[in-house]
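Readers should treat all values here as calculations from the given coordinates under stated rules, not as data from a laboratory. This one's a predicted model, so the numbers in the text were calculated from it and none came from an experiment. Cβ: placed from backbone, ideal geometry, glycine included. Neighbour counts: every protein chain shown.
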Amino acid sequence: MGHFAAWLESTAISKTLFDISWLWPACESLHFIGLCMLIGGAGLLDLRLLGMFRGLAIRHVKALMPWAIGGFLINLTTGLLFLVMQPHLYLTSGVWWAKVAFLGVAGANALFFETRLAVPALALDPDAETSTVMKVVGGLSLFSWFAVLYCGRMLPYLGTGN
Amino acid sequence: MSFFQGLQDSAFTEWFLGSPSIWAYPTVLTLHTVGMAILVGASFVINLRVLQVSGLIPLHGLRPMYRFIWIGFAINLASGLVLFVTEAADRVLDPVFYVKLASIAAALVLVMAVKRRAIDPPASPLVASGLARSLAAASLTMWTIAIVAGRLMAYLKAK
């Protein structure tokens with residue numbers, strides 16, 4: 001990984017982007033805004049799956065998903081820009097790889113919901129109790145997104161070797 | 001000014017910023033981000049719904065969302081106070097800090113005004129009033145300014 005990071009850092013694109021002084025703080029601001037869109041939108045669906053927000057049908061709450069996905073795409077884009085600009089900071093950090101792993105958990109969990117649970121969940125009445133599987137999926141989603149946030153914010157202080 | 005300088009130079013600050021423990025500065029900073037995600041995330045959901053750009057979730061059903069707004073706010077008030085104390089003398093002279101505080105206050109007042117007009121009435125219609133929508137748009141804008149100002153504060157920190 002160290003070699004790959006060194007190569008990436010030596011590319012013209014990495015140097016050019018890193019030399020744009022406002023780009024890093026601008027990406028950070030967007031990364032925080034995307035985070036709020038993602039946790040807000042996905043969080044409400046997760047809480048409903050956990051059985052809270054009775055009165056809201058899951059098919060209604062799901063209308064927020066484009067905003068959650070939009071927030072995720074903002075963060076994927078800005079996150080890749082961070083990676084290109086400072087590859088060493090991330091690729092050699094165990095905490096960053098833990099963040100990627102939690103992203104994988106969150107993604108697999110969302111895929112499981114879409115493929116296995118969406119049909120019964122969308123048919124539920126606004127006041128209906130959710131099944132145990134739905135509660136597990138909602139809880140795991142909340143946990144993994146906050147774990148992603150934790151690893152990202154703690155990255156400068158954990159496991160970068162300095 | 002010497003009061004704020006005293007806070008910034010206190011033994012607490014020295015421990016907080018100098019401690020190698022992840023439970024000092026890094027954890028309080030992370031709590032501030034977690035609180036932001038809860039507070040602004042919940043506000044985004046309400047404002048986007050009132051603006052009619054996230055489907056037809058029954059407006060009254062979003063009332064419990066305000067509990068999360070206050071939970072997130074409490075986390076960030078507490079963590080923010082700790083962070084402020086350790087940079088007090090610099091921050092009281094930092095115009096960006098005042099922009100952040102003012103936009104948070106405005107965003108909160110606006111999202112509460114949205115609550116009274118669009119969320120609280122039990123028989124609220126599916127489409128919020130024009131006024132409620134304007135308030136929601138203003139609240140969204142203020143949260144965005146608060147986040148950008150907060151991020152920029154890290155770059156304008158006095159050395």
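Quick notes on this structure:
- Prolate/oblate/rounded label for the protein assembly as shown (Cα gyration tensor, a/c 1.5): oblate
- When +1 charges are put on Lys and Arg Cβ atoms and -1 charges on Asp and Glu Cβ atoms, the dipole computed for segment A:2-154 relative to its Cα centre reaches about 160 debye.
- Exposure proxy for B:ASP94, A:ASP125, A:ASP46: other Cβ atoms within 10 Å of each Cβ, ordered fewest to most, give A:ASP125, B:ASP94, A:ASP46.
- Taking the longest Cα principal axis of chain B as reference, the axis of helix B:130-153 is set at about 20 degrees.
- Chain B - Rg and Dmax from Cα coordinates, angstrom: 18.2, 56
- Membrane-span-like helices in chain A (whole DSSP H runs, Cα extent of at least 20 Å along the helix axis, mean Kyte-Doolittle hydropathy of at least 0.0): A:23-49, A:65-85, A:94-112, A:132-154.
- For segment B:83-89, Karplus couplings with θ = phi - 60° (6.51, -1.76, 1.60), whole Hz, Gly/Pro x: 5, 5, 3, 6, 10, 4, 5
- The ranking of B:VAL127, B:VAL50 by Cβ neighbour count inside 10 Å, starting from the fewest, reads B:VAL127, B:VAL50.
- Count, lysine Cα pairs under 29 Å in the protein assembly as shown, 8 or more residues apart or across chains: 13
- Taking 16 Å as the cut-off, the amide N atoms of segment A:76-107 that come nearer than this to a point 7 Å along the Cα-to-beta-carbon line of A:ASP19 belong to A:85-86.
- Percent RCO, i.e. relative contact order, over chain B, from Cα pairs under 8 Å lying at least 6 residues apart: 31
- Per the Debye formula on identical point scatterers at the alpha carbon atoms of segment A:2-154, with no solvent, log10 I(q)/I(0) at q = 0.09, 0.14 Å⁻¹ is -0.35, -0.73.
- Using the rule -39500 (n - 2.57) for each DSSP H run of four or more residues, divided by the residues of chain A, the 222 nm mean residue ellipticity is -24000 deg cm²/dmol.
- Modelled FRET efficiency - R0 22 Å, A:SER131 with A:MET65, Cβ distances, 0.05 increments: 0.65
- Projected label distance in nm at B:HIS60 and A:ALA108, using a 7 Å step from Cα toward the beta-carbon: 4.3
- Couplings for segment A:50-56, taken from phi via the Karplus curve 6.51 cos²θ - 1.76 cosθ + 1.60 with θ = phi - 60°, read 6, x, 7, 6, 4, x, 9 Hz in order; Gly and Pro are left as x.
- In a reduced charge model with +1 at each Lys and Arg Cβ and -1 at each Asp and Glu Cβ, the protein assembly as shown shows a dipole moment near 720 debye about its Cα centre.
- Least to most buried among A:LYS135, B:LYS115 (fewest other Cβ within 10 Å first): A:LYS135, B:LYS115
- Taking 7 Å steps out from each Cα toward its Cβ at B:SER129 and B:VAL109 produces label points 1.9 nm apart.
- Rounded to whole numbers, the Karplus 3J(HN,Hα) couplings from phi for segment B:17-28 are 7, x, 5, x, 5, 6, 7, 8, 3, x, 6, 5 Hz, using 6.51 cos²θ - 1.76 cosθ + 1.60 with θ = phi - 60°, and x at Gly and Pro.
- Segment A:1-129: relative contact order in percent, alpha carbon pairs under 8 Å with at least 6 residues between: 37
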